[in-house]
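The values are calculated or read from the model by the stated rules, or taken from the named source; none is laboratory data. Predicted model only: the values in this text are computed from it and were never measured. Neighbour counts are summed over all protein chains in view; Cβ atoms, including those assigned to glycine, are modelled from backbone coordinates with ideal geometry. Just so you know, the surface numbers come from the protein's heavy atoms only, side chains and all, with ligands and any DNA or RNA stripped out. Shrake-Rupley method; radii C 1.70, N 1.55, O 1.52, S 1.80 Å.
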Amino acid sequence: MANTDMFDLRGMVGRHAQMSGVWVALAAMIIFGLLRYENFGSAYNLGSFLNYNSMFIIISLGMCFVIMTGGIDLSVGYVAAFTSIVAAYLSPWGIVPALIGGVAAGVAFGAVNAILIVPMRLPPFIATLSTMLAAKGGALVISGKQTVAVDWESSFTKLGMEKAFGPIPWTIVLVAIAAVVLWIILERTALGRTVLAIGGSEEASGLMGLKVTRAKVFVYLLSGGCAGLAGVFLASGFGAGQPLEGTGWELTAIASVVVGGTLLTGGLGSIPATVGGALLLGLVFNLLNFENGRGTISLSAYWQMVIRGGVLFAVILLQARMNKSADRAN
Amino acid sequence: MQQLVSMRQVRKSFAGVPALRDASLEIVPGEVHALIGQNGAGKSTLIKCLTGVHRRDGGQVSLSGREFAADSPRDAQDSGIATIYQELNLVPLRSVTENIVMGAEPKNRLGLIDWPAAHRRAGEMLSRFGIDIDVRQRLGRYPAAIQQLVAIARAVSLDARLVIMDEPTSSLDDREIETLFSVVRNLRAEGISVLYVSHFLDELFQICDRVTVMRDGCTVAVREIARTDKLGLIADMLGRDRNEISASGMTALDGPRGEVGAEILSLGHVATGRSLRDASLTVRQGEIVGLGGLLGSGRTETARAIFGLDSLKHGEITLPGGGGAPRSPADAIAAGIGFVAEDRKAEGIVPDMSVRENLTLALLPRLRHAGGIDTRREREIVDHFIRALGIKLASADQPIRQLSGGNQQKVLLARWLATRPDLLILDEPTRGVDVGAKREIQAIIRDFVADGGAVLLISSEFEEIVEGADRVIVMQEGRSVSELPGEGLTESALIAAIAHVPDEVPA
């Protein structure tokens, strides 16, 4: 290795080269938006866009770790609904208890997933499907089927409604911190490498004496905690715990992870590209809203979903092409 | 008597690599015919050319005297050739009856399935083999042997004229094997032929009439089982002269013993299952101990037991550092053992991870620094091993799947060498690598031993064992049967020891 300074840089580029499709698509859409819509680049749009999508970014990050081990977590959406209610109930005591309580409730669901999947050896799909239903039912039970208003007097709503600086909301600051920590865990710790190794070959990982059990437990706890945090954002941003929210969030998260180039079979994945994937999916809606606002066309929410599906497909196709040419270059 | 199956001069290549060069196989009606050969001899390719899985490149195949070329396994089945694979192609969640009559269900006048008749027929089918079970139960509730017999019953019910059994006894216990054998004898009595593939040579003498021996893609011998013996079959399989084997075997069994260091591993009468019944051996510092034996003799199972992958049913293991039998690979690694597994793709590399990451995976606990991975030390270690082992690559950060087999194997060796083990277990360390890389890998192993390491070497290549090992433990059918000194050991002496049958001393 002649040039050790280049070592790390090439390492990063090497792993992330295959995920660059998401950045190309993201850049193209941002440029398109800036050129076509006057207020697209406004501080207001940026702030509200980031605030709304912070929920999806954070659950995508947890989902990314689960998928890298070759697993899946279907429970995240309803767990977020459940924890939004927990946070709303705790909001009179202020932001910190509500935040900790919401995340802890999410981690508890993650622990149930981990127990079902690791010692009890249930397939992740089945295990998290059960906790998904349990979380949905639980959310309706503890809320009495009503939205649970937060305490507007306490500091709690600052998290979801105020800006940290400039147009940047507090939620996205927390998400950014979480993303950086998770990025470091993935790229720079034995735990992160074990996560990737399990997805690559669980058998080989066990033969190397890696702590497979611990890593698998970790990813489900993490995913639960991330869903818990998303629930806190939900309650704080909309001023209420929402027992009926969360439907389809798991699919949005899975889509973000996949658009970010993470293999559903595990073993390969990237934190920045997952964030990029979540932003990309959110941006499709944002652009469609602006397009509707121009008044030239009017697309219903249903058509927007169809278009988002099309964009998802196009990005994945783009990525497959870029992968192929990258492999040929090697 | 007219041949049922006749395959002559069959050729088949995969991507230019010949798997069959001149293979032939003749089976007469109502005989039990064995097909044997070492790993890679071409047995399964030949069978697949018969059953329509592969299309042959050349040669003649006829069935009952008529030219025959199956396009698909289904086609072969319709022509009366049934194959019982190791992984049974049955549906465990459905009833025994359904599994037997599926696709040929008896119908009543309304065109619906006549279940009473189906159950009756399934029951009759099985009772012909002396099996009396509740055919309404799910197949999966019965043990492997019964499932295998159900597969055979299904084959016979479809009017099979030839039943191919691929390693039918590998998952059965002794009593189940007896049942299987009686079924095979029943088939023969009914005029149905059986092609029997097995690496348990003793079995052949119990139930087979004739045996075809393959080596390197060619059929090298066809023998009447009554007119040959185990030594003869092994000589055929390995391509040696039987007199040479037995003669040299007698002289080299007791030779001088070399200097050795302290004992770091010992196994006493270790058993983990049918494939490993009684293995005893010791490994000392600074020596390479070879495990010699045929396919299925228990070599890999011995390694798995030492590495904590299979739990012991009998016997004891003493690890480096004095600990007892490990309960997990992590235990074994902590005790100073490294294991380069036989199946590099499934058990060794993590394909999408970089060379650097693959190399340091087993080392991660020791690279921890302030909660993270000490990347500077990691780079130093990776650079050191890439240089020291001459690993050829574009960048340490390229995915390991892009490397050649030999270089992948070097990375795996480096992975374990970096943990500074006391003992390295190498299962087929040079399989599938080119000659140059092979020499380099062997030199790496030598260096490791010269520095005081110890190696347990498993190899199907007798040359590698003979050249490399300081001592050789010979294994037969799950047992360690003898020990040979490495010095002065010749390939034919090793082969003789492997072929040596305790109760019939070679003349």
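Restricting the first member to the range A:229-253 and to residues that are closer than 15 Å to A:Ile95 by Cβ and in a helix (DSSP H, G or I), and the second to residues that are at pLDDT 95 or above and among the aromatic types (Phe, Trp, Tyr), the beta-carbon pairs closer than 7 Å and six or more apart or on different chains are A:Gly231/A:Phe82. Do you know which residues across the range B:325-376 are among the basic types (Lys, Arg) and facing another protein chain (nearest Cβ under 7 Å)? Listed by number, the list holds a single entry, B:Arg368. Scanning the range B:421-445 for residues that are touching a residue at least 60 places away in the same chain (Cβ under 8 Å) and open to solvent by 50 Å² or more (accessible area, probe 1.4 Å) yields B:Asp422, B:Arg431, B:Gly432.
Based on this model, can you work out whether B:Ser246 counts as among the hydroxyl-bearing types (Ser, Thr, Tyr) and modelled with pLDDT under 80? Walk me through it before giving the result.
Details: among the hydroxyl-bearing types (Ser, Thr, Tyr): yes; modelled with pLDDT under 80: yes.
Here the answer is yes, as B:Ser246 does meet what is asked.
Listed residues A:Gly206, A:Gly239, A:Gly261, A:Gly248; which is open to solvent by less than 40 Å² (accessible area, probe 1.4 Å), within 14 Å of another protein chain (Cβ to nearest Cβ) and on the phi > 0 side of the Ramachandran plot? Matching residue, one of A:Gly206, A:Gly239, A:Gly261, A:Gly248: A:Gly261.
More than 30 Å from B:Gly336 (Cα to Cα), within 14 Å of another protein chain (Cβ to nearest Cβ) and aromatic (Phe, Trp, Tyr): does that describe A:Trp152? No; evaluated as a whole, the condition is false for this residue.
Report yes if B:Ser492 is in contact (Cβ under 8 Å) with a residue 40 or more places away in the chain, open to solvent by 20 Å² or more (accessible area, probe 1.4 Å) and either within 14 Å of another protein chain (Cβ to nearest Cβ) or outside any loop (DSSP other than H, G, I, E, B) (or both), otherwise no. Considered against the rule, which asks whether it is in contact (Cβ under 8 Å) with a residue 40 or more places away in the chain, open to solvent by 20 Å² or more (accessible area, probe 1.4 Å) and either within 14 Å of another protein chain (Cβ to nearest Cβ) or outside any loop (DSSP other than H, G, I, E, B) (or both), B:Ser492 comes out as no. Take the residues in the range B:387-407 that are open to solvent by 10 Å² or more (accessible area, probe 1.4 Å) and facing chain A (nearest Cβ under 7 Å), then tell me which one is farthest from A:Gly200 (Cα to Cα). Among those that are open to solvent by 10 Å² or more (accessible area, probe 1.4 Å) and facing chain A (nearest Cβ under 7 Å), it is B:Ser395.
The number of residues in the range A:133-162 being open to solvent by 30 Å² or more (accessible area, probe 1.4 Å) and of a type in the set (A, V, I, L, M, F, W, C) comes to 8.
Quick check, is B:Leu291 surrounded by fewer than 23 Cβ atoms within 10 Å (Cβ to Cβ), more than 14 Å from every other protein chain (Cβ to nearest Cβ) and of a type in the set (A, V, I, L, M, F, W, C)?
Values: surrounded by fewer than 23 Cβ atoms within 10 Å (Cβ to Cβ): no; more than 14 Å from every other protein chain (Cβ to nearest Cβ): yes; of a type in the set (A, V, I, L, M, F, W, C): yes.
The answer is no for B:Leu291.
Of all residues in the range A:270-295, those that are in a loop (DSSP other than H, G, I, E, B) and at pLDDT 85 or above total 1.
Annotation: of all residues in the range B:131-185 being assigned to a helix (DSSP H, G or I) and of a type in the set (Lys, Arg), the one that is surrounded by the most Cβ atoms within 10 Å (Cβ to Cβ) is B:Arg154.
Considering only residues that are open to solvent by less than 40 Å² (accessible area, probe 1.4 Å) and not in a helix (DSSP H, G or I), which ones fall in the range A:116-132?
Going residue by residue through the range A:116-132, those that are open to solvent by less than 40 Å² (accessible area, probe 1.4 Å) are A:116-118, A:124, A:127-128, A:131-132.
A:Val118, the sole residue that qualifies.
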